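Worksheet: one structure, shown below.
Bear in mind that the values in this text are calculations on the coordinates, not laboratory data. Predicted model, so just to flag it, every value in this text is computed and none were measured. Cβ atoms come from the backbone with ideal geometry, glycine included; neighbour counts cover every protein chain shown.
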Amino acid sequence: MAKTAAPALYLQWTGDPDADRLVSEDPTALLIGFCLDQQVPIEWAFQGPLRMRERLGTIDPAEVASMDPGRVEQAFQTPPALHRFPVSMAQRVYGLCKVITGEYGGDATRIWTEAKDAKDLQRRFAALPGFGAAKARIMVGVVAKHLGVRPAGWERVAPDWPTLADVRTVAEREHYQLQKRADKAALRAEAAAQADAKQSPAAKTRPAKTVARGRR
């Protein structure tokens, strides 16, 4: 029996077919999108690679890394800005391209294809500019579930909470976003309740001061 080819990856994360196609097909675009996925909506973050390519003419990591960093910053700052914090995020993306070029020969896929195991993969992601401990774990889940790269122990490293590793379609993205908003609302309510509980009982029960009225 002939082997059936795996279906092409198509992540519907942005609402823009061209942006979705780019982050689905270009590993560097995927990493840039995750680098930008901080304090902005998912759609905005993952449209970033396409807008960056439109403004710079490329997102090839070696070409970006060879540019004047001021040019990258200008591309991020030009209205509409590519992020809420365009300068700092431009610097992180520029640094990301430097790492991909300097440590992985310009081939972003080597980050995961050459990892010895899940812990090594987690370490590689955590070392990227704009990433960190939590995002590194998310990325292990992303490459495992979306790209089929499953180094030994990946199940123990990947998050056990919903992440973009579990999102492909528009419906899944919308459900994920609703869940995130609900979780944030619950955390805010819990923080407010804890702050209220720390108030002094005396402060809660102390009667309000009254102002004496003078004689007329």
Can you give the net charge of the other residues whose Cβ lies under 11 Å from the Cβ of Ala115, counting K and R as +1 and D and E as -1? +3
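Rounded to two decimals, what is Rg over Rh for segment 1-105 when you use alpha-carbon atoms and the Kirkwood radius?
Values: Rg = 14.5 Å, Rh = 14.0 Å.
Rounded to two decimals, Rg/Rh equals 1.03.
Take the residue pairs Lys98/Lys145; Lys145/Lys184; Lys119/Lys198 and return only those whose Cα atoms are more than 31 Å apart. Walk me through the intermediate numbers first.
Numbers: Lys98/Lys145 27 Å; Lys145/Lys184 25 Å; Lys119/Lys198 40 Å.
Too far apart for the 31 Å limit: Lys119/Lys198.
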Each residue of segment 115-131 in order: what ³J(HN,Hα) in whole Hz does its phi give by Karplus 6.51 cos²θ - 1.76 cosθ + 1.60, θ = phi - 60°, with x for Gly and Pro? 5, 6, 7, 5, 5, 5, 4, 4, 4, 4, 5, 5, 7, 6, x, x, 9
J(HN,Hα) series, segment 28-33, from Karplus relation 6.51 cos²θ - 1.76 cosθ + 1.60, nearest Hz, glycine and proline x: 5, 4, 4, 5, 4, x
For the chain, take the alpha-carbon Rg, divide it by the Kirkwood Rh, and send me Rg/Rh. 1.18
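In debye, nearest 20: dipole of segment 129-195 around its Cα centre with unit charges on the Cβ of K, R (+) and D, E (-)? Can you show the working numbers first?
Numbers: 11 positive and 7 negative charges, 35 e Å.
Computed charge dipole of segment 129-195: roughly 160 debye.
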Below 8 Å between Cα atoms, with a sequence gap of 6+, how large is the relative contact order for the chain in percent? 15
Stretched out fully, how many nm does the piece from His175 to Gln199 gain, at 0.36 nm a residue minus the Cα gap? 5.0 nm
Taking the Cα-to-Cβ direction at Thr58 and at Gln77 and moving 7 Å from each Cα, how far apart do the two end points lie in nm? 2.4
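At a Förster distance of 30 Å, what's the computed FRET efficiency of Asp18 paired with Asp117, Cβ-Cβ distance as r, to 0.05? Don't jump to the answer; show the numbers that get you there.
Working: r = 36 Å, r/R0 = 1.19.
Efficiency computed from Cβ-Cβ geometry: 0.25.
If R0 is 45 Å, what FRET efficiency do you get for Ala186 and Thr109 from their C-beta distance, rounded to 0.05?
Details: r = 38 Å, r/R0 = 0.84.
According to the calculation, E is roughly 0.75.
Around Val140, with a cut-off of 14 angstrom between Cβ atoms, what is the net charge of the other residues, counting Lys and Arg +1 and Asp and Glu -1? Could you put the intermediate results ahead of the total?
Values: positive: Lys116, Lys119, Arg123, Arg124, Lys135, Arg137, Lys145, Arg150, Arg156; negative: Asp117, Asp120, Glu155, Asp160, Asp166.
Net local charge, Val140 excluded: +4.
Taking the Cβ of Ala165 as the center, what net charge do the other residues with Cβ under 13 Å away carry, scoring Lys and Arg +1 and Asp and Glu -1? Before the final figure, lay out each step's value.
Details: positive: Lys135, Arg137, Lys145, Arg150, Arg168, Arg173; negative: Asp37, Glu155, Asp160, Asp166, Glu172.
Net of charged neighbours comes to +1.
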